[in-house]
Each structure stands twice: as structure tokens, then as C-alpha cells.
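Enquirer: The structure that follows is given in the form of C-alpha cells.
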Amino acid sequence: MINDFIYDIPVRVYFGRDQLRHLSAELKKYGQRVLMPYGGGSVKRTGLYDRIVKEIREAGLELFELGGIEPNPRIDSVRKGAQMCKQHHIDVLLAVGGGSVIDATKFMAAGACVDFDPWDFLDYGKKVTVEKALPIVDILTLAATGSEMDCGGVITNPETKDKNGMMYPPLLPKASFLDPTNTFTVSAYQTACGAADMMSHIIEVYFNMNQDLYMLDCFMEGLMKTIIRYAPVAMKNPEDYEARANLMWAGSWAINGFVNGGKQQAWSCHPMEHELSAIYDITHGLGLAILTPRWMEYCLDETTVAKYVQFGINVFGLDPSAAPMETARLAIERLGDFLFNTLGLKRTFPEVGIDRQHFSLMARKAVGGATLPGFKTLGQHDVEAIFEMCMK
Ligand code: NZQ
Ligand code: ZN
């Protein structure tokens, strides 16, 4: 049965080439003073930075910038951005980059409106919600997280070794510029990690108990097939427009709230992965790639098998007449084949420098001291068992 839900995704999307000519008009809706956070330098190398600065200056807007936002963005960058907003009376923030820059920008925009430390918004114990944020516009340069079209953000606090994510409606970008050519320079590795992340966003929703919403399931299967089809093309031919465009749009739709509208769901691999990134600073999509097939294997039993069969048949074209358990196992194998062979991502924890040292702490934090109520309810020991499966 489909639950009641409200569909409301008010992000204006400018998709395709040559959309930057709309940028200054979009920014001017919110004021004159713009803060532009960006990452470690890719925007300068690609020439995008120069194009944006020219556009903004010619429009007579006042530009302030904050470069150096790190992958797995740190709370200190957020604090700095929030401080700059206050100091320069910023009207609107323009995030230029991947999920890390957009996420950090979201919490800068919220931090600008309060007198306390922006980490309080992310501290699970404090339960301080974002009521207000400065307007955010973004220019996406990496297809992966969907941050460009959702109201979430994930920030790392190196002091406490926490990587926490929160969703607050005021953080939804007002507008997103999605030009696939801005992703032509993304490395094969980051393209692969982005694809793994998008796949996980869909799998987290698709594999949930007791609710098969035919229309949404078909939509998610279509998104997964799109990613499986185009990620290897983009890795091989980075300037293939069709491939980059399909990945970019699929990434936004994987997590913009559409596929989970009306569907009861709780995520499993993401809370586990955030603990890996918090301690080992690994790329989010890589951590998800290692975890997801193991989590699927761990949750497979007679009560869950039907979903794996549906996935195997509809996404990987497996034989519908084979025995269900056999098809389910083959489906997991096919997913692993895509992640580790086609995308070339590392398969095990030891290969990415993770050992057993922090398993128990990471598992405890992943379940929030209780349980993860997802596809299968997982306790700390279940999560530790899944981590153990990732060792080989
Ligand atoms: O910093 P620069 O120099 O820009 O380089 C970045 C970075 O090193 C590079 N890059 C980005 N665009 C590029 C490019 N290199 C060449 N050409 C381009 N066009 O790619 C590297 C990774 O960037 P990053 O932004 O960290 O990657 P991604 O977009 O995958 O974001 C990952 C972060 O988003 C969070 C993750 O946890 C992680 O912290 N997530 C956010 C979500 C959300 N807001 O809804 C959901 C996700 O599940 C995820 O948790
Ligand atoms: Zn993700």
C-alpha cells in the first residue's frame, strides 16, 4: 500500500549546456552579495571558475569566495563560511562543486542565521533544527550525491570523529545548474564512486520490507539500469555527453524525494558507511560499494528473497524460471561484478586500509546505540558481522 505523502521539490533546475547565462538573474532574486564556496581547485583547472566570476562581475554582483572545501567536508569549513556570511552581510550562497561543497554550503547558510556553533545542527544528541537558512544556488560538477536537489548534508567533525548527516527543508537549494559538460573532467575513479553512491541511494529505498509500489519500483529499476549502462561509458569516454547527462539526472532523481514518496523506508548502508568515512576518510561511494553487496547477502533469507529476485530479473535480466534463492544470489553477484569489475572499485576493507580495530565503535555508532530499522532490523552485532564480511 502506498502511504500518504506530500510531494514538494521546489528546486529550479537549469539542465544542459549554456545555462550559466541564467545565473546572475537567479542570484539577483536574492540580493547583491554572493559568497561562492568551492573545493580544492578542480573548478579553477577546468575554467569553470573564470566563467562564473565573469558572469557575476558583469552582472554587477559583489562576489566573496571561500575555496578549499575538502571532500568529506569538515565542520571548520562550515564555521568559516558562516562567519564570512555574517561579516560580509551575504545575501545568497553559490556552491560550485560536488556533494561536499554543496553540503558544506548548506550548513554555512544555516549557520549564518544563528549565534551558536553550526555543529549543533548536526549533533544527534542536541536535536537543534534548522529553521532558517540563507538562499542557496549551486552549480554541480560531480554526479553522485544528489545534494543539488535534496535538503540534506553530511559533515565531518574530526575532533569527535563523527560524520553526521541531517535533512532540513530550509537547506533545499533554490536553483541548481546541472550542466553535464561540467563533469567531463571528473576522474574515472570519482565517476565510479559517484555511480556506486547513486546505486546505493536507490537500493536503500528499493530494498524495504512489505511495500512494493509498482510505479516507484519500475522507476527505480530504470534509474539503476541507466547508471549501469552509462557509468562505464563515462569512465571510458569522459566527454560522452549522453553518458554524463544520464548520470547527472539519474543522480538527482535517485535521492530528490520522489522515489521514497509514499514508501516506508529506513536506510542501512549509509549509516554504516558514514562511520567508515568518519574514521578512515575514504570516499563515500567506495565505502558503499564494499558494504552494499555484503549487506544484501546478510539480509537474504526466505522472507526477503522475493525482492532480490525482482531486482535480478528486472535490473540484470536474470532468468525468471530459476529457483528464487539461486536468482537472488546471482543478483548479488551481478551487482558485485558491476561495482568491482566494471567500475573497478576495491572489493574489501583491507584493500582500502580498514582493519578490525574500530569495528565495535563504528557499529555502535551506526545503529545509534539501538538498532537500524531498515530492510532487516540490524543491531550492533549484525553490523559488526557485515563489517567482518567486508574483510575478504
Ligand atoms: O575539491 P575539488 O578540487 O573540486 O575536487 C573534487 C574532489 O576531490 C573532485 N571533483 C569534483 N568535481 C570535479 C572534480 N574533479 C574534476 N572535475 C570535476 N568536475 O572530486 C572529488 C570528490 O568531490 P566530492 O564533492 O567530495 O564528491 P561527492 O559529490 O561524491 O560528495 C561526497 C560527499 O557528499 C556526502 C558524502 O557523505 C560525502 O561527504 N553525501 C551527501 C548527500 C546529500 N547531501 O544528500 C548524500 C550522500 O549519500 C552522501 O552522504
Ligand atoms: Zn550516498
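The values are calculated or read from the model by the stated rules, or taken from the named source; none is laboratory data. The structure displayed is predicted, hence computed values, not measured ones. Cβ: placed from backbone, ideal geometry, glycine included. Neighbour counts: every protein chain shown.
Enquirer: If you take the residues in region 57-80 that are away from ligand 1 (no atom under 15 Å from the Cβ) and not acidic (Asp, Glu), which one is farthest from residue 197 (Cα to Cα)?
Expert: Step one: of region 57-80, the residues away from ligand 1 (no atom under 15 Å from the Cβ) are 57-64, 79-80.
Retained after the next criterion (residues that are not acidic (Asp, Glu)): 57, 59-61, 63-64, 79-80.
Details: 57: 35, 59: 36, 60: 38, 61: 35, 63: 33, 64: 31, 79: 27, 80: 28 Å.
Step by step, filter region 57-80, then rank; the result is 60.
Enquirer: Same structure again: Right, residue 228: more than 16 Å from ligand 2 (Cβ to nearest atom), within 27 Å of residue 261 (Cα to Cα) and modelled with pLDDT of 95 or more or not? Steps first, answer last, please.
Expert: Working: more than 16 Å from ligand 2 (Cβ to nearest atom): yes; within 27 Å of residue 261 (Cα to Cα): yes; modelled with pLDDT of 95 or more: yes.
Criteria met by residue 228.
Enquirer: In addition: Of the residues 102, 75, 56, only one is within 18 Å of residue 31 (Cβ to Cβ) and in the same structural domain as residue 150 (by TED's automatic domain parsing); which? Walk me through it before giving the result.
Expert: Values: 102 fails: within 18 Å of residue 31 (Cβ to Cβ); 75 fails: within 18 Å of residue 31 (Cβ to Cβ).
Selected residue: 56, the only one of 102, 75, 56 that is within 18 Å of residue 31 (Cβ to Cβ) and in the same structural domain as residue 150 (by TED's automatic domain parsing).
Enquirer: Does region 136-160 hold any residues that are more than 15 Å from ligand 2 (Cβ to nearest atom) and surrounded by 20 or more Cβ atoms within 10 Å (Cβ to Cβ), and which are they?
Expert: So the first thing to find is which residues in region 136-160 are more than 15 Å from ligand 2 (Cβ to nearest atom), and the list is 136-139, 141, 157-160.
Answer for region 136-160, where residues must be more than 15 Å from ligand 2 (Cβ to nearest atom) and surrounded by 20 or more Cβ atoms within 10 Å (Cβ to Cβ): 136, 137, 138, 139, 141.
Enquirer: Is it true that residue 109 is buried (at least 18 other Cβ atoms within 10 Å of the Cβ), of a type in the set (A, V, I, L, M, F, W, C) and touching a Leu at 6+ places or on another chain (Cβ under 6 Å)? Talk me through it step by step, then tell me what you get.
Expert: Numbers: buried (at least 18 other Cβ atoms within 10 Å of the Cβ): yes; of a type in the set (A, V, I, L, M, F, W, C): yes; touching a Leu at 6+ places or on another chain (Cβ under 6 Å): yes.
When the stated conditions are applied, residue 109 passes them.
Enquirer: Residues 108, 84: which one is of a type outside the set (Val, Ile, Thr) and either more than 14 Å from residue 134 (Cα to Cα) or more than 22 Å from the chain's Cα centre (by Cα) (or both)?
Expert: On the way: 108 fails: either more than 14 Å from residue 134 (Cα to Cα) or more than 22 Å from the chain's Cα centre (by Cα) (or both).
Of 108, 84, the one residue that is of a type outside the set (Val, Ile, Thr) and either more than 14 Å from residue 134 (Cα to Cα) or more than 22 Å from the chain's Cα centre (by Cα) (or both) is 84.
Enquirer: Would you mind telling me which numbered condition in (1) within 14 Å of ligand 1 (Cβ to nearest atom); (2) more than 26 Å from residue 74 (Cα to Cα); (3) aliphatic (A, V, I, L, M); (4) touching a residue at least 60 places away in the same chain (Cβ under 8 Å) residue 296 fails?
Expert: (1) is the only condition that residue 296 fails.
Enquirer: Starting from region 1-12, take each residue that is more than 15 Å from residue 259 (Cβ to Cβ) and list its partners that are small (Gly, Ala, Ser) and outside any loop (DSSP other than H, G, I, E, B), counting only C-beta distances under 8 angstrom and pairs at least six apart or across chains.
Expert: From region 1-12, the pairs are 11/175; 11/176; 12/175; 12/176.
Enquirer: Given the residues 20, 35, 48, which is the only one that is among the aliphatic types (A, V, I, L, M) and farther than 28 Å from residue 246 by Cβ? I'd like the intermediate steps shown before the answer.
Expert: Values: 20 fails: farther than 28 Å from residue 246 by Cβ; 48 fails: farther than 28 Å from residue 246 by Cβ.
The conditions single out 35.
Enquirer: Right, here's the next one. Only one of 239, 204, 221 is in contact (Cβ under 8 Å) with a residue 12 or more places away in the chain and closer than 25 Å to residue 14 by Cβ; which?
Expert: Just a single option satisfies the conditions, and that option is 239.
Enquirer: Can you tell me how many residues in region 169-223 are farther than 20 Å from residue 304 by Cβ, outside any helix (DSSP H, G or I) and either more than 11 Å from ligand 1 (Cβ to nearest atom) or in contact with a Cys (Cβ under 6 Å, 6 or more places away or on another chain) (or both)?
Expert: 6
Enquirer: From 268, 252, grab the single residue that is of a type in the set (Ser, Thr, Tyr), more than 30 Å from residue 181 (Cβ to Cβ) and within 16 Å of ligand 2 (Cβ to nearest atom). It would help to see each step written out before you state the result.
Expert: Numbers: 252 fails: more than 30 Å from residue 181 (Cβ to Cβ).
One residue alone meets the criteria, 268.
Enquirer: Let me ask something else. Give me the residue from region 81-102 that is within 13 Å of residue 62 (Cβ to Cβ) and in contact with a Gly (Cβ under 7 Å, 6 or more places away or on another chain) and, out of that set, nearest to ligand 1 (Cβ to nearest atom).
Expert: Result: 92.
Enquirer: How do the pairs read when you match residues in region 129-157 that are more than 16 Å from residue 69 (Cβ to Cβ) and hydroxyl-bearing (Ser, Thr, Tyr) with residues anywhere that are away from ligand 2 (no atom under 12 Å from the Cβ) and at pLDDT 95 or above, using Cβ under 7 Å and keeping only pairs 6 or more apart or on different chains?
Expert: Filtered contacts from region 129-157: 129/168.
Enquirer: May I ask you to verify whether residue 176 is more than 16 Å from ligand 2 (Cβ to nearest atom), small (Gly, Ala, Ser) and under 17 Å from the mean Cα position of the chain (by Cα)?
Expert: On the way: more than 16 Å from ligand 2 (Cβ to nearest atom): yes; small (Gly, Ala, Ser): yes; under 17 Å from the mean Cα position of the chain (by Cα): yes.
Yes.
Enquirer: Can you pull out every residue in region 148-161 that is in contact with a strand residue (DSSP E or B) (Cβ under 7 Å, 6 or more places away or on another chain) and outside any loop (DSSP other than H, G, I, E, B)?
Expert: 148, 149, 152, 153, 154, 155, 156
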